[in-house]
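A.B. asks: Here it is, the structure, as structure tokens.
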Amino acid sequence: MYLGLDNGVALVTAASRGIGRATAERLATEGMTVIALSRSGGEPEKFDDGQIVPWQADLSESGATAGLVEEIVEQYGSLDVVVLNTPGPKITPVLDSTWADWEAAHDTLLRPVVQLALDAGRQMREQKSGAIVLISSTWVRQPAPGGVLSASYRSAASAFMKSLATELAPFGVRVNQVMPGATGTDRMKNIVESKSAGNGTTVDQEIEKIVKDIPLGRWAEAAEIADTIAFVVSPRASFMTGNAVAVDGGAVRAAH
Ligand SMILES: NC(=O)c1ccc[n+]([C@@H]2O[C@H](COP(=O)([O-])OP(=O)(O)OC[C@H]3O[C@@H](n4cnc5c(N)ncnc54)[C@H](OP(=O)(O)O)[C@@H]3O)[C@@H](O)[C@H]2O)c1
């Protein structure tokens with residue numbers, strides 16, 4: 001399907017690996033110039049008509065993205081797509097969590113999302129076009145053991161995005177969320193390895209425990225999440241805003 005994203009400019013955060021990287025690659029393959037923010041940065045890469053331009057910043061530092069939207073617009077002429085991806089928080093039982101855990105999760109899951117969405121939203125309101133998508137988690141809809149930090153702050157981010165969607169709709173700017181389920185990235189591999197070490201099981205047994213609750217019988221590849229994100233931010237999804245789309249192989253059992 002032709003997505004109509006070519007020649008556009010996108011910002012993707014937490015984009016050197018996993019879902020963020022797959023999304024940056026997908027958008028660059030569609031012909032976009034993609035500013036890919038991460039701590040590790042990297043070298044610029046060409047993708048047919050598109051490109052990935054690395055941007056080094058640490059999202060956990062307050063104000064790390066100050067001036068970024070203005071700089072992108074100054075250099076590339078517009079900002080058409082923003083994909084708000086974040087590093088995942090610590091996995092912890094509720095009653096084992098410390099206040100430092102809550103502050104660290106706030107500083108990566110909520111603060112940078114709000115700071116960047118405000119800057120991007122103001123820019124897109126002025127240019128009267130654009131699409132913002134938050135990469136969230138199905139744990140917002142169905143909290144899982146150990147996922148309290150993720151579910152709590154992402155629920156706040158989710159309410160923020162819904163409010164922003166309503167406010168930006170009259171300006172032709174769309175705001176949505178994509179909620180991945182289990183996806184085979186470094187983060188997932190680390191989670192499975194630490195569960196296997198803690199439970200005295202094999203990694204395959206831990207993977208089996210996760211996959212048995214997924215009706216499609218496997219976890220996602222990051223590229224499958226990226227495909228949905230690319231569709232949601234593209235003109236092909238032009239009547240879709242204020243929505244939260246689960247990409248989880250059927251794992252969430254709620255009907256809505
Ligand atoms: N994988 C899953 O099953 C799954 C399911 C649902 C939701 N999610 C959520 O989706 C998001 C992405 O997950 P993932 O599995 O793709 O993670 P991942 O493979 O661990 O990748 C994390 C990315 O975040 C970047 N990053 C980490 N700390 C950063 C910081 N302080 N500032 C800027 N960038 C930073 C990393 O790059 P650098 O290290 O180079 O900075 C990397 O590019 C997470 O929020 C995760 O919780 C994942």
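The values are calculated or read from the model by the stated rules, or taken from the named source; none is laboratory data. Given the structure is predicted, the values throughout are model-derived calculations rather than measurements. No Cβ is skipped: glycine too gets one built from the backbone with ideal geometry, and neighbour counts run over all protein chains shown. Keep in mind that these areas ignore ligands, DNA and RNA; they rest on the heavy atoms of the full protein, side chains included. Shrake-Rupley method; radii C 1.70, N 1.55, O 1.52, S 1.80 Å.
A.B. asks: Provide a single number: the residues in segment 52-87 that are of a type in the set (D, E) and part of a helix (DSSP H, G or I).
C.D. replies: Number satisfying all stated conditions: 3.
A.B. asks: Only one residue in S78, S60, S38 is in contact with an Asp or Glu (Cβ under 8 Å, 6 or more places away or on another chain) and among the hydroxyl-bearing types (S, T, Y), so which one is that?
C.D. replies: Only one candidate passes the filter, namely S60.
A.B. asks: Another question, then. With the requirement that a residue be surrounded by fewer than 16 Cβ atoms within 10 Å (Cβ to Cβ) and outside any helix (DSSP H, G or I), what does segment 223-239 give you?
C.D. replies: The answer is S238, F239.
A.B. asks: Taking L79, is it without any contact (Cβ under 8 Å) to a residue 12 or more places away in the chain and under 20 Å from the mean Cα position of the chain (by Cα)?
C.D. replies: no
A.B. asks: Among the residues of segment 54-75, what is the count of those that are open to solvent by 80 Å² or more (accessible area, probe 1.4 Å), under 19 Å from G121 (Cβ atoms) and near the ligand (Cβ under 10 Å from one of its atoms)?
C.D. replies: Final tally of qualifying residues: 0.
A.B. asks: I would also like to ask the following. Residues to consider are S155, S163, S78; find the one that is hydroxyl-bearing (S, T, Y) and within 26 Å of I214 (Cα to Cα).
C.D. replies: Among S155, S163, S78, only S155 is hydroxyl-bearing (S, T, Y) and within 26 Å of I214 (Cα to Cα).
A.B. asks: Continuing with this model, one more query. Just a yes or no: is a residue in segment 4-15 in contact with a Lys or Arg (Cβ under 8 Å, 6 or more places away or on another chain) and on the phi < 0 side of the Ramachandran plot?
C.D. replies: Among the residues of segment 4-15, at least one is in contact with a Lys or Arg (Cβ under 8 Å, 6 or more places away or on another chain) and on the phi < 0 side of the Ramachandran plot, which makes the answer yes.
A.B. asks: Report yes if some residue within segment 147-154 is part of a strand (DSSP E or B), open to solvent by less than 20 Å² (accessible area, probe 1.4 Å), among the small types (G, A, S) and touching a Phe, Trp or Tyr at 6+ places or on another chain (Cβ under 6 Å); otherwise report no.
C.D. replies: yes
A.B. asks: Out of all the residues in segment 170-184, which are outside any helix (DSSP H, G or I) and under 27 Å from F160 (Cα atoms)?
C.D. replies: Once the filter is applied, which keeps residues that are outside any helix (DSSP H, G or I) and under 27 Å from F160 (Cα atoms), segment 170-184 yields G172, V173, R174, V175, N176, Q177, V178, M179, P180, G181, A182, T183.
A.B. asks: Taking segment 172-211 as the search range and keeping residues that are touching a residue at least 40 places away in the same chain (Cβ under 8 Å) and among the charged types (D, E, K, R), which one is least open to solvent (accessible area, probe 1.4 Å)?
C.D. replies: R174
A.B. asks: Where residues in segment 105-138 are under 17 Å from G77 (Cβ atoms) and acidic (D, E), which of them is surrounded by the fewest Cβ atoms within 10 Å (Cβ to Cβ)?
C.D. replies: E126
A.B. asks: Is it the case that segment 127-136 has a residue that's more than 13 Å from the ligand (Cβ to nearest atom) and either within 19 Å of D58 (Cβ to Cβ) or not assigned by TED's automatic domain parsing to the domain that holds T13 (or both)?
C.D. replies: Within segment 127-136, not a single residue is more than 13 Å from the ligand (Cβ to nearest atom) and either within 19 Å of D58 (Cβ to Cβ) or not assigned by TED's automatic domain parsing to the domain that holds T13 (or both).
A.B. asks: Same structure, new question: Within segment 1-51, count every residue that is within 16 Å of the ligand (Cβ to nearest atom) and in a loop (DSSP other than H, G, I, E, B).
C.D. replies: Of the residues in that region, 10 qualify.
A.B. asks: For F239, indicate whether it is more than 11 Å from the ligand (Cβ to nearest atom), in the same structural domain as S163 (by TED's automatic domain parsing) and more than 20 Å from the chain's Cα centre (by Cα).
C.D. replies: yes
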